[in-house]
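Student: Here's a structure for you.
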Amino acid sequence: MSTSHKNNLNTDQSRAVKHLGGPLLVLAGAGSGKTRIITERISNLISEHNVRPFNILAVTFTNKAANEMKERVYRLAQKEAKNVWIGTFHSTCLRILKRDINKLDGYNRNFIIYDDGDQLKLIKDCMGRLNIGDKLVSPKSARSQIDGAKNKTIGPNDPELREYDKHVQRIYSLYEEELRKSNALDFGDLLHLTVKLLEKNPDVLESYQNQFQYILVDEYQDTNHVQYKIVEMLSRKHRNIFVVGDDNQSIYGWRGADIKNILNFEKDFTDAKIIKLEQNYRSTQTILDAANKLITHNKNRHEKNLHTKNDVGDLINYYEASDDRDEAKHISSQIVNLKKTSDYTYKDIAVFFRTNTQSRLIEEELLQKSIPYKMVGGTEFYKRKEIKDILAFLKVVVNPSDEISLKRIINVPPRGIGNVTINNIDEITRDRGVSFYEAIQIALKEKSISNSVLIKIDRLNKLLTKLIEFPEKDDIVGLINHVLHKTKYLDMLEKEEERRENIGEIINLAVEFQKEREEPTLNDFLDSVSLASDLDNYSENSDQVTLMTLHSAKGLEFPVVFIVGMEENLLPHFNSTINGQVEEERRLFYVGITRAKEKVYLAGAARRMVFGKQQGSIPSRFISELPEELINLETRKFEGSYQSKKAKRSSTITTSIPTRNYQDTGRYKVGQKIVHSAFGEGLIKKVEGSGDDAKVTIFFPSVGGHKKIIASYLEN
C-alpha cells in the first residue's frame with residue numbers, strides 16, 4: 001500500500017481524510033489509525049477548505065477518546081480548533097440542552113444530572129409509593145427497561161411502552177414526574193430530551209443544522225437508536241456525514257447499541273461512499289490472522305481482512321487448566337517468566353476476563369508472587385460515599401429542589417433526623433404538590449410536626465440557608481471548604497484516613513477545574529463530574545499489570561494480553577448463548593485478541609467453582625474457530641482433563657459443543673410453566689418460530705423480568 005509523504009498516511013487513510021462532500025462510511029479495522037484520520041480530516045477541512053471550526057461537530061463515546069481527539073486537533077490546527085465542537089454524545093447533548101431545554105415544558109437550564117445510583121434510589125422511592133414490590137419487578141430491571149425506552153426515544157405516555165412490563169410503565173410515569181419536580185435529568189434524558197427538543201422546535205433544529213455543516217462520528221458501530229436519530233437529524237441539511245467504525249468491534253448490544261446502524265449505512269444514505277482501512281499498525285500478523293479467521297464465523301458483518309507490515313510474531317498460547325486456581329497460578333507464573341526472560345515491564349501486560357468475579361483468584365496469585373497490579377472498574381471514585389455526599393451538598397446549593405440529593409444529606413453528618421420525619425415531610429410534598437425543600441419550609445412555618453423534630457429541622461434549614469447563600473458559588477474550592485466547615489463533615493471521618501484523602505482528591509479536582517476553565521462555574525463543575533468515569537482516568541504510566549473486563553478493554557492496547565475463562569457459558573457467556581447473542585460474544589473475543597501487539601495467552605479451566613460447587617466445563621467454541629497452525633497448545637495431564645478423554649494428537653483443537661435435540665417441536669406453549677436451571681420457575685409469555693430455533697420469551701420472578709431463550713437451550 002503506497003503512502004502519502006505529506007502526512008505519512010497510507011492511500012486509504014488519505015482518501016478518507018481528503019473526502020469533502022456527502023456521506024462517507026470508513027470501515028476502520030482494529031489498529032488501523034481511525035482516531036488519526038478523524039483529527040487529520042478536521043485539520044484538512046480547516047486548513048485546506050477554509051471551513052470554519054464552529055461549523056464542525058465531532059462526537060465519540062468516552063471522555064478519554066474525546067480529550068485525545070481535542071489534543072490532536074489542537075496540535076494540528078492550533079488556535080482555530082478551539083471552536084470545533086468535540087465531545088461525547090452525552091456532553092454534546094448537554095451543551096444543547098443547557099442552551100435550549102427551557103423550550104420544553106417543565107424544564108429549565110438549571111437542571112442537575114442524576115447518576116445511576118441516584119436514579120436507582122428514585123426508582124425505589126417510586127416503587128414504594130406505588131406499592132410495587134421487588135418480587136413483581138426488581139428496581140434494577142425497572143431502571144434497565146426505562147433506560148431502554150429512552151434509548152428508543154419512547155416516553156412514559158407513548159403507545160410503544162405497551163411492549164414493556166406493566167409495572168414498569170407505572171414506575172416510569174411517576175419517575176418522570178419526580179425528575180421534573182426535582183429539575184433533574186438522568187443520562188438517558190440527555191439524549192432522549194435532545195431529540196424531543198429538536199423534534200418539537202424546528203427553529204432550534206434548523207439553527208444546529210446550519211451550524212454543523214460537517215459532522216464526524218467515531219465508533220459508529222456503538223450507536224443506539226437515539227444517537228442515530230440525533231446524527232441523522234443534524235446532518236439532514238448538508239449531508240456531510242463522516243462516520244468511522246468497525247462492525248467487528250460492536251460489543252455493546254446489551255446496553256442498546258444497534259449494529260444495524262453501521263451495517264445499513266448505505267441504505268440510510270443511498271449516495272454514501274465506503275472506504276476500508278485494513279492495514280493494522282498495532283499487532284503481529286499471527287494475531288491478525290487468528291482474528292481474521294475467528295470473525296469469519298459471524299454472518300452480520302462487512303468483509304475486511306487485516307494485514308500489517310509488522311513481524312509475523314509468536315504463536316498464540318492456549319492453556320487448559322485443571323481448575324480456576326490452576327488457571328490463576330499459570331497466569332501469574334507466565335508473568336513472572338516474562339519479566340525474567342524479556343524486556344517487558346508490568347505495565348506492558350493486561351489480563352482480560354468476561355466478568356469481574358473472575359478476578360479474585362488472579363488477584364490472590366498476583367499478590368502471592370508480589371506482582372503489582374491495578375484493577376480497572378472496581379469501586380469508582382465518583383460512587384464512593386464521601387464523594388457522593390459532598391457532591392450532594394453542592395447539588396442542593398445549585399438546585400434546592402433536588403430531592404434525592406437533599407434526602408441523601410438530610411442526616412449527614414448525623415443530626416437525629418430519621419425516616420419518620422422524612423415520611424412526614426414527604427406527605428406535605430404530595431398533599432401540596434411542592435418540592436421536598438419547600439415542604440421543609442411549610443413544616444417550619446405551620447409547625448405541623450412535633451417540637452423536638454422541628455428543632456432538628458430548623459437547624460438543618462439554617463445550615464442549608466448558609467450553604468445556599470454562600471456569596472461566591474462559582475469559587476468551587478471555597479464552596480467545598482465552606483461545606484466541610486459548616487457541616488463538620490471531616491470530624492465524622494476522624495479515624496477514616498482513606499475517606500478523608502478522597503475528600504482531598506475532590507478538592508484537587510476542583511482546583512484543576514478552576515485552572516483549566518476561563519470562566520468556571522459550579523454548574524459546569526457538577527456537569528463535568530456527572531459525565532466522568534474511572535476509565536477516563538486510566539493511566540499507562542504506573543508499572544503495574546492491568547486487570548479489566550473485555551468490555552473495558554475497548555480502545556486500549558498492550559504488548560502482552562492474557563484472556564482467561566475460555567469456556568462455554570463464560571466466553572461466550574451463558575446469558576448471551578441462550579439469548580442468541582453469540583456473534584456479539586465472538587466480537588468481544590475479537591476485541592480482546594486485537595488489543596495485543598505482540599503476545600496473546602489464552603486460558604480456560606476444566607472445572608470452575610460456581611456458587612460454592614466445582615462444576616465441569618468444556619473449552620469455548622471460539623478456541624476451535626482459531627487457525628490450528630497458529631496455536632501453541634498447553635494442557636495439564638490431570639485426571640478427567642479435556643485432553644485425556646481424547647486420542648493423542650499434536651496441536652489439533654476440536655471443541656465439542658453440546659446440543660439438545662427435541663423431537664416435539666411444539667412442546668413450549670404460552671401460559672406454560674417451566675423450571676430453568678439458572679433462573680428458576682418461569683411462565684412462558686411468547687413463542688416465536690418452532691423446533692430447536694424457536695425463541696421462547698419467559699417471565700422469571702427471580703430476576704424480575706423477561707428472558708428470550710432459544711428452545712434448544714431450555715431445560716424443562
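Student: I'd like the orientation of helix 385-398 relative to the chain: the angle between its Cα long axis and the longest Cα principal axis, in ° from 0 to 90, rounded to 10.
Tutor: For helix 385-398, the angle is close to 50 degrees.
Student: With θ set to phi - 60° and the Karplus curve 6.51 cos²θ - 1.76 cosθ + 1.60, what are the ³J(HN,Hα) couplings of the range 158-171 in order, to the nearest whole Hz, using x for Gly and Pro?
Tutor: 6, x, 4, 5, 4, 5, 8, 4, 4, 5, 5, 4, 5, 4
Student: Taking the Cα atoms of the range 348-480 alone, what are Rg (to one decimal) and Dmax (as a whole number) in Å?
Tutor: For the range 348-480, the Cα radius of gyration and maximum Cα-Cα distance read 21.7, 67 Å.
Student: Treating only the Cβ atoms of Lys and Arg (+1) and Asp and Glu (-1) as charged, compute the dipole magnitude of the chain about its Cα centre; round to the nearest 20 debye.
Tutor: 740 debye
Student: For a Förster distance of 30 Å, can you work out the FRET efficiency between the beta-carbons of K708 and M609, rounded to the nearest 0.05?
Tutor: Efficiency, rounded to the nearest 0.05: 0.55.
Student: Would you kindly find the accessible area of F436, with a 1.4 Å probe and non-protein molecules such as ligands, DNA and RNA excluded, rounding to the nearest 10 Å²?
Tutor: Its accessible surface works out to 0 Å², give or take rounding.
Student: Next question. Please find the FRET efficiency linking D474 to E497, where r is the Cβ-Cβ separation and R0 is fixed at 22 Å, and quote it to the nearest 0.05.
Tutor: For R0 = 22 Å, the calculated efficiency reads 0.10.
Student: Run the numbers for W254 and N461: contour at 0.36 nm per residue of separation, minus the present Cα-Cα distance, in nm.
Tutor: Length gained between W254 and N461: 70.1 nm.
Student: Just to confirm, what accessible area per residue do you get for the range 365-484 at 1.4 Å probe, in whole Å²?
Tutor: Result: 45 Å² of accessible area for each residue.
Student: Let me ask another. Which whole-number value in Å³ per residue fits the convex hull of the alpha carbons of the range 28-177?
Tutor: It is 169 Å³ per residue.
Student: Same structure, new question: Lys/Arg Cβ at +1, Asp/Glu Cβ at -1, dipole of the range 362-431 taken about the Cα centre: which of N399, Y373, T429 is farthest positive-ward?
Tutor: Positive-most Cα among the choices belongs to Y373.
Student: Could you work out how far apart the two model spin labels at L120 and Y281 are, taking each label as a point 7 Å from the Cα in the direction of the beta carbon, and quote it in nm?
Tutor: Each label point lies 7 Å from its Cα, and together they span 4.1 nm.
Student: Calculate the all-directions average of the projected area of the range 108-239's alpha-carbon convex hull, and give it in nm².
Tutor: One quarter of the hull surface, i.e. the mean projection, equals 9.1 nm².
Student: Still on this model: Nearest 10 degrees, 0 to 90: what angle lies between the long axis of helix 202-211 and the longest principal axis of the chain (Cα atoms)?
Tutor: Between helix and principal axis, roughly 50 degrees.
Student: Give me the dipole magnitude in Debye, nearest 20, for the range 490-612 about the Cα centre, with unit charges on the beta carbon: positive for Lys and Arg, negative for Asp and Glu.
Tutor: Dipole of the range 490-612, to the nearest 20 debye: 900 debye.
Student: Here is a further query. Taking θ as phi - 60°, what are the ³J(HN,Hα) couplings along the range 554-559 by the Karplus curve (6.51, -1.76, 1.60), each to the nearest whole Hz, with x for Gly and Pro?
Tutor: 4, x, 9, 8, 9, x
Student: Same structure again: For the range 184-321, with equal point scatterers placed on the C-alpha atoms only and solvent neglected, what are the log10 I(q)/I(0) values from the Debye formula at q = 0.12, 0.16 1/Å, to two decimals?
Tutor: Treating every Cα as an identical point scatterer, log10 I(q)/I(0) equals -0.64, -0.94.
Student: Using just the helices of the chain, give the 222 nm mean residue ellipticity in deg cm²/dmol: DSSP H runs with n ≥ 4 each add -39,500 (n - 2.57), and the total is spread over all residues, rounded to 500.
Tutor: -13000 deg cm²/dmol
Student: A further question follows. Between R239 and Q441, with labels modelled 7 Å along Cα→Cβ, what's the label distance in nm to one decimal, could you check?
Tutor: Going by the 7 Å Cα→Cβ label model, 5.5 nm.
Student: Okay, moving on. Carbon and sulfur together cover what percent of the accessible area of the chain at a 1.4 Å probe radius?
Tutor: 46 percent
Student: What is the angle, in °, between the Cα long axis of helix 63-77 and the longest principal axis of the Cα atoms in the chain? Nearest 10 is fine, range 0 to 90.
Tutor: Helix 63-77 and the main axis of the chain meet at about 80 degrees.
Student: What residue among Y214, S250, M233 has its Cα farthest toward the positive end of the dipole of the range 207-272, where the charges are +1 on Lys, Arg and -1 on Asp, Glu, each on the Cβ?
Tutor: M233
Student: Next question. Among G155, T345, I287, whose Cα lies farthest out toward the positive end of the dipole of the chain, if unit charges sit on the beta carbon of Lys, Arg (+1) and Asp, Glu (-1)?
Tutor: Of G155, T345, I287, it is G155.
Student: Here's another thing I want to ask about it. So with the 1.4 Å probe, I'd like the accessible area per residue for the range 144-303, rounded to whole Å².
Tutor: Per residue, the range 144-303 has an accessible area of 39 Å².
Student: Okay, moving on. Between E519 and E303, what's the calculated FRET efficiency when r is the beta-carbon distance and R0 is 51 Å? Round to 0.05.
Tutor: It comes out at approximately 0.50.
Student: What is the set of long-range amide H partners of R517 at a cut-off below 5 Å, with H atoms built 1.01 Å from backbone N?
Tutor: none
Student: Right, next: Give the lysines whose C-alpha is closer than 25 Å to that of K273, dropping any in the same chain fewer than 8 places away, or say none.
Tutor: Those lysines meeting the cut-off are K6, K18, K34, K229, K237, K260, K299, K304.
Student: What residues qualify as long-range amide H neighbours of Q544, i.e. H under 5 Å apart, gap of 5 or more or another chain, H built at 1.01 Å from N?
Tutor: For Q544, whose amide H was placed from the backbone, the distant partners under 5 Å are K347.
Student: Could I ask something else about it? To the nearest µm²/s, what D does Stokes-Einstein give for the chain at 20 °C and 1.002 mPa s, using the Kirkwood radius over alpha carbon pairs as Rh?
Tutor: D = 76 µm²/s.
Student: Run the simple label-point estimate for N356 and N481 please: 7 Å along Cα→C-beta, distance reported in nm.
Tutor: Result for the modelled spin labels: 3.5 nm.
Student: Taking the Cα centre of the range 130-256 as the origin, how large is its charge dipole in debye, to the nearest 20, when only Lys and Arg (+1) and Asp and Glu (-1) carry charge on their Cβ atoms?
Tutor: Charge dipole, the range 130-256, about its Cα centre: 340 debye, nearest 20.
Student: Just the number, please: percent antiparallel of the DSSP beta bridges in the chain, rounded to the nearest 5.
Tutor: Percent antiparallel among DSSP bridges in the chain is about 30.
Student: Spelling out what I want: for every residue of the range 226-235, take phi, set θ = phi - 60°, compute 6.51 cos²θ - 1.76 cosθ + 1.60 (Karplus), and round to whole Hz; glycine and proline get x.
Tutor: These are the phi-based 3J(HN,Hα) values: 5, 5, 4, 4, 4, 4, 4, 5, 5, 8 Hz.
The values are calculated or read from the model by the stated rules, or taken from the named source; none is laboratory data. In this text the structure is predicted, and so the values were computed from the model without any measurement. Neighbour counts are summed over all protein chains in view; Cβ atoms, including those assigned to glycine, are modelled from backbone coordinates with ideal geometry. These accessible areas exclude ligands, DNA and RNA; they are computed on the full protein's heavy atoms, side chains included. Shrake-Rupley method; radii C 1.70, N 1.55, O 1.52, S 1.80 Å.
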